[in-house]
């Protein structure tokens with residue numbers, strides 16, 4: 001009899017313990033390198049190598065894990081993967097903590113030896129002139145410049161002789177090459193199309209509204225085989241939408257690329273601004289820190305700003321409602337925008353979906369990708385969110401920043417894996433408007449931190465490898 005009673009008690013006790021042990025766990029932790037620096041974008045994989053999560057900008061991740069699902073693995077480009085088993089002894093309720101420390105296993109890429117006449121300085125700013133924009137036209141250079149109170153465009157040959165010059169109306173700050181190859185200059189209120197009549201004449205068409213430039217000209221990113229591809233960004237630059245007009249001028253949505261975490265956080269900040277929610281609530285702080293208007297009698301009808309996410313209106317909202325902290329939050333997210341360019345690739349279309357680690361290749365006019373190519377180059381430290389195509393030579397590059405200098409990293413045109421590094425020690429500080437054309441890199445950069453003037457550089461990156 002005692003034996004039966006003991007068996008019953010054991011069975012009940014086992015059931016009680018089982019009922020109190022959760023089957024689904026929340027696993028969270030940090031992914032860092034050997035020196036403790038966070039690794040943003042590290043991949044967290046299960047035992048079947050399926051992707052469960054990516055670490056955020058702080059190197060932090062969080063997933064749901066089912067008991068008995070096996071170990072977890074963290075991977076990051078340039079580091080050896082690490083696999084760790086989960087121990088129930090480390091559990092706190094239904095929470096498990098699992099931190100990864102990855103060791104570097106980077107293999108240096110071959111550096112390319114450059115031939116003679118490495119660097120040319122094509123133009124220099126001073127305190128009376130600014131180089132506002134530039135582009136390459138065949139062998140010549142087109143620049144938009146400010147000279148004191150005058151704004152003009154110049155066409156120069158490779159020897160830096162001015163072939164043509166045209167003074168412009170207004171104060172245009174933007175030089176833009178459209179998807180059809182035509183140049184436009186844009187002021188705050190209007191835009192104009194440039195006309196390159198021949199090698200020594202420049203002219204413009206009549207002015208048109210800046211809003212038309214922003215809605216029709218600027219969003220068109222590629223014209224190919226009588227198809228016109230357009231890009232639309234979400235209100236906080238966390239989503240990119242692409243579509244195209246076919247030869248019959250019918251519209252076709254192509255792909256939406258979304259940074260879910262960034263979009264969710266941006267809307268949280270925006271809704272906080274609308275509702276007056278405080279980022280910090282402390283009883284000692286003045287009322288305006290609690291999300292209340294500084295001027296109690298000010299009429300702050302928030303709905304009149306609803307739907308307009310421009311910086312101008314967000315500033316009005318922030319000043320009206322005492323929510324400058326929320327404005328800084330939103331703009332920080334907007335600056336860390338999603339980068340997913342659409343570019344021409346071997347008579348096809350390539351969409352670089354960096355948030356999801358792949359390049360989607362489409363035949364022109366088709367809605368389903370021909371191929372999905374996994375990529376990892378953008379997970380390497382120092383990536384500057386730029387992909388550059390040398391249309392003349394068919395080469396692809398992406399830009400990185402190191403402690404010593406900037407580096408152009410050449411990519412394999414089929415697999416998009418790194419091939420070689422081109423060091424740009426001449427890039428100096430804050431390189432802007434980087435372009436690659438026929439084996440040369442063009443960019444604006446400041447050679448001296450203490451002087452705000454930039455220079456326009458032309459750097460030879462043709463592949464002259466040493467034997």
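A short reminder: the numbers here are calculations on the coordinates, not readings from a lab. All values reported here derive from a predicted model rather than from experimental measurement. A quick note on method: Cβ atoms are made from the backbone with ideal geometry, for glycine too, and the neighbour counts reach across all protein chains shown.
Out of every Cα-Cα pair in region 21-102, what percent are more than 19 Å apart?
30 percent
Shown for 173, 150: other C-beta atoms within 10 Å of each C-beta, ranked fewest to most, produce the order 150, 173.
Here is the P(r) of region 118-194: all C-alpha pair distances, binned every 5 Å from 0, give 3, 15, 27, 26, 18, 8, 2, 0, 0 in whole percents.
Cβ crowding within 10 Å ranks 217, 119, 240 as 119, 217, 240, fewest other Cβ atoms first. Convex hull volume per residue, computed on the Cα atoms of region 161-218, equals 87 Å³.
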